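This report concerns only the one structure given below.
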Amino acid sequence: MLFLPESARFLVQKGKLKEAEATLIKITGQNDITAELREISETLNKETEYSSNGFLHMVRQIYRSVPVKRVIAIGCALQAFQQLAGINTVMYYSTTMIPRP
């Protein structure tokens, strides 16, 4: 652990951009790491935005998504069909209804 550099993400989060740049150059071996630094900064900004808005706001955003609504509707419909069709009862009592030879 003594020889491992601190992560670039941690350094950017603490505002130490020069050290983060040096760490990325050392890890990747490339001199042009501006895109990676920008991506790290954007990710950190989004994370702080989500955490400041709260958990409930994040859950609301997830459920506003059309694909998520579609998946939830399909799941609820399948569950209702199983209950209405009685397949759970058949599966539970099948061992006592079908006699062994």
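The values are calculated or read from the model by the stated rules, or taken from the named source; none is laboratory data. Since the model is a prediction, treat every value here as computed from it, not as a measurement. Cβ atoms come from the backbone with ideal geometry, glycine included; neighbour counts cover every protein chain shown. What goes into the accessible areas is simple: the full protein's heavy atoms, side chains included, and nothing from ligands, DNA or RNA. Shrake-Rupley method; radii C 1.70, N 1.55, O 1.52, S 1.80 Å.
Return yes or no: is K69 open to solvent by 100 Å² or more (accessible area, probe 1.4 Å) and either touching a residue at least 60 places away in the same chain (Cβ under 8 Å) or among the charged types (D, E, K, R) (or both)?
Yes, satisfied.
Residue by residue, here is whether (1) modelled with pLDDT of 85 or more; (2) within 30 Å of V12 (Cα to Cα) holds:
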position: E39; (1), (2): yes, yes
position: N45; (1), (2): yes, yes
position: S51; (1), (2): no, yes
position: G54; (1), (2): no, yes
position: M58; (1), (2): no, yes
position: I62; (1), (2): no, yes
position: P67; (1), (2): yes, no
position: G75; (1), (2): yes, no
position: F81; (1), (2): yes, no
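Please go through region 2-21 and pick out each residue that is open to solvent by less than 60 Å² (accessible area, probe 1.4 Å) and part of a helix (DSSP H, G or I).
Across region 2-21, the qualifying residues are A8, L11, V12, A20.
Which residue out of S52, S94 is hydroxyl-bearing (S, T, Y), open to solvent by less than 70 Å² (accessible area, probe 1.4 Å) and without any contact (Cβ under 8 Å) to a residue 60 or more places away in the chain?
From the options S52, S94, the qualifying one is S94.
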